[in-house]
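Structure first, then comments.
All of the numbers you see were taken from the coordinates with simple rules; none came from a lab. Small disclaimer: the values here were computed from a predicted structure and weren't measured. Note: ideal-geometry Cβ built from the backbone for every residue, glycine included; neighbour counts use all protein chains shown.
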Amino acid sequence: MNFKHKYLFLLPGLLVLLGILIFPIGFTVRLSFSSWDSFYPGLDFIGLDNYIRLFTDDMRFWEAFGRLSLLSLTTVFLQYVIGFSLALMVWKQIVFQRFFRVLFLIPMMTTPVIMTVVWRTFFHESLGPVNDFLSLFGMQPLWLSSEILSKFTVILVEVWQWTPFMFLLLLAGLLSLPKEPYLAASIDGAGPVRTFVYVTFPLMAPISIGAIIIRLIEASKIMDTVYVLTSGGPGTATETSSFYIFIKGLREFQFGYSAALSLTYLVIMIISFTIIAKILTKLMVRGS
Amino acid sequence: MRLFYITLKYLAVTLWSVFVIAPFLWAISTSFKDFQSVTGGATYIPWVDFEPTLDGWQSLFKSPARGGVDIVEPFLNSVFVTAAGSLVSIILGTLAAYALSRYTFKAGPMRNGDITFFFISQRIMPPVVLAIPFFIMLGKLGLLDTLLGLVLVYVVLLMPIAVWIMVDFFNKVPQEIDETALIDGCNPFQAFYKVVLPNSIPGIIVAGMFCMIFGWTDFFFAFILTFTEVQLLPVAIVALNSSITPWWSLSAAALVSVAPLVVVAFIVERYLSKGNLSGALK
């Protein structure tokens, strides 16, 4: 094939993306070496000061990062287990199969912030239906203003919102599986549990890994939900990395420092995802 | 034993369905309430628990000056930005994905896989990292608080999704069909336009739906990069959350914003059942 045509196909997209992104990324790098804030706007050069402050004097960033790890790993694990179970249940014969499949997809089509606003009224501590029901048993849990429960509420909303995505990827995978291994398993007289452990799960491993990584990437950006549901509170109980960077950059206008936070965060993320992908591959493909 | 499995299955499916539907039912019920029926404690069934009114729904079409929350304009803005951003992303993303699937590229140590990864890796970037430089860049270009500025940002957000889905899809379209077209005297663009594209409609629809979902549901960029001139639907609705919340308007607005994409769920399911998605999503 002609060698020049390939660039005409690739370059428009690549150049547009680079064109829009090159300034933001370059500018963030430069910004991270400056002390730009609302008092002294401007690109001065303060060397590594921002980074030194970040690594020696900012426990809140690292706490937010720990919290993010906890929240995203928990939600993605729950989404995987629930999403896989749901996909298995509507994969084969079930009444109203199409109805359930459509219904299970719907939450991911809804706007997270808007549904979170609804969830906020749902979990409202004095006027919401959850506490109205629980008050029958004499309980009034503080869903949004207790340190531990607020984390649980964030996880619950995230699981509601994004399990469908996991469900979609895994069901698409299940529907594309070959038939022969199942024939072989049924000839050998394997029951449903053994068939799952020895046939379905190994065959689904590559798809599972892909789905988990995609969801982890999206979950690490968790921010909208937190912003609307708890605004990071009570105190900093649900503050995640993105939200902390948001506060430093766009609430306190410490542009320089928040740029340093952003870049550090990105580097940590890329390294973590590489490691997680390696571990998952080892764990799940081990058998086959 | 078999009966036990089946009972368990239906129980689980039913429980999850209730969980999925619950917030929608609550929002529908709330959208017909008024001040009394919200602040008096939780109420559920109209005519039994409370006297339904249409105030919430009517307020969606009144201007803020008359005590309403006009969501017509934000709705149209959202439609425009999502459609324009998705369209540009699909066109550029499909072309780039076709190149990455059919030709080999070498630029220093970069190969096809690395270029594909570069596109997709843009999704790792949290919105907050890009928000500040975008804010300054659009400010310099005079595009802050404009629809065009948002479309630019949405292209960055959505093109990676289009490339991700389309590269895998084109890898599944047999290469022989373009080769036959080339032998028949088409140039590469004609081959792409006349032969490959018509065979890729399912992939493009799937990619388009994903762009629409992620464009329509984005909140953060619209929240940071627009103020008064241009307002998108999610921003307009979340703004209701801040003051003394009119739960009824809020619920009605939420339902309006969620409704268009519920249709997408039906389309996705149809493609899923026909087996078209398994090729496109992997």
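Worth pointing out:
- Those lysines that a straight Cα-Cα span of less than 17 Å connects to B:LYS140, excepting residues fewer than 8 apart in one chain: none
- Straightening the chain between A:PHE152 and A:PHE133 buys 5.0 nm, computed as 0.36 nm per residue apart minus the Cα-Cα spacing.
- Building the convex hull from the alpha-carbon atoms of the range B:72-280 and averaging its projection over directions returns 14.3 nm².
- Estimated at 0.36 nm per residue, the fully extended path between A:PHE39 and A:ILE94 surpasses their Cα-Cα distance by 13.4 nm.
- Cα shape, chain A, gyration tensor, a/c 1.5 rule: oblate
- Listed by chain and number, the lysines whose alpha-carbon sits under 20 Å from that of B:LYS106, ignoring those within fewer than 8 places in the same chain, are A:LYS4, A:LYS6.
- Chain B: angle of helix B:112-121 to the longest principal axis, Cα-based, in degrees nearest 10: 10
- Centre-to-centre separation between the Cα atoms of the range A:212-288 and those of the range A:165-185: 31 Å.
- Placing pseudo-labels 7 Å out from each Cα toward the beta carbon at A:GLU125 and A:ASP57 gives an inter-label distance of 3.5 nm.
- In a reduced charge model with +1 at each Lys and Arg Cβ and -1 at each Asp and Glu Cβ, the range B:2-66 shows a dipole moment near 340 debye about its Cα centre.
- Taking Cα centre as origin and charging only the Cβ of basic (Lys, Arg, +1) and acidic (Asp, Glu, -1) residues, the dipole magnitude of the protein assembly as shown rounds to 1620 debye.
- Chain A: DSSP helices with Cα axial extent of at least 18 Å and average Kyte-Doolittle hydropathy no lower than 0.0: A:5-31, A:59-91, A:97-109, A:147-175, A:201-219, A:255-285
- Taking the range B:201-221 and a reference point 7 angstrom along Cα→Cβ of B:LEU141, the backbone N atoms nearer than 17 Å belong to B:221.
- Residue separation of B:THR39 and B:LEU15 scaled by 0.36 nm, minus their Cα-Cα distance, works out to 5.7 nm of gained length.
- Positive-end ranking of A:THR121, A:GLY189, A:SER145 along the dipole of the range A:121-226, with charges on Cβ about the Cα centre, is headed by A:GLY189.
- Most positive-pole-ward Cα, B:VAL258, A:THR110, B:PHE170, against dipole of the protein assembly as shown from beta carbon charges: B:PHE170
- B:LYS62-A:PHE23 pseudo-label distance in nm [points 7 Å out on the Cα-to-Cβ vector]: 4.3
- Ellipticity estimate at 222 nm from DSSP helix runs (n ≥ 4, -39,500 (n - 2.57)) divided over chain A, nearest 500: -23000 deg cm²/dmol
- Using alpha-carbon coordinates, inclination of helix B:201-216 to the longest axis of chain B, degrees: 40
- Annotation note: chymotrypsin sites (Phe, Trp or Tyr not before Pro) in the range B:121-227 located in DSSP loop regions with a Cβ neighbour count of at most 13 within 10 Å are B:PHE227.
- In chain B, helical runs assigned H by DSSP with n ≥ 4 each contribute -39500 (n - 2.57); averaged across all residues and rounded to the nearest 500, the mean residue ellipticity at 222 nm is -22500 deg cm²/dmol.
- Förster radius 35 Å - calculated FRET efficiency between B:PHE227 and B:TYR5 (Cβ-Cβ, nearest 0.05): 0.05
- The magnitude of the dipole of chain A, with charges of +1 and -1 set on the Cβ of Lys/Arg and Asp/Glu and taken from the Cα centre, is near 1100 debye.
- Total formal charge among the other residues, if their Cβ is under 10 angstrom from that of B:SER249, Lys/Arg +1 and Asp/Glu -1: 0
- Listed residue (A:LEU17, A:SER272, A:ALA237) projecting farthest to the positive dipole end of chain A, Cβ model: A:LEU17
- Acute angle (nearest 10 degrees) that the helix B:247-274 long axis makes with the longest principal axis of chain B, alpha-carbon atoms: 30
- Cross-link partners of A:LYS179 among aspartates and glutamates (Cα-Cα below 19 Å; sequence separation of 8 or more within a chain): A:ASP188
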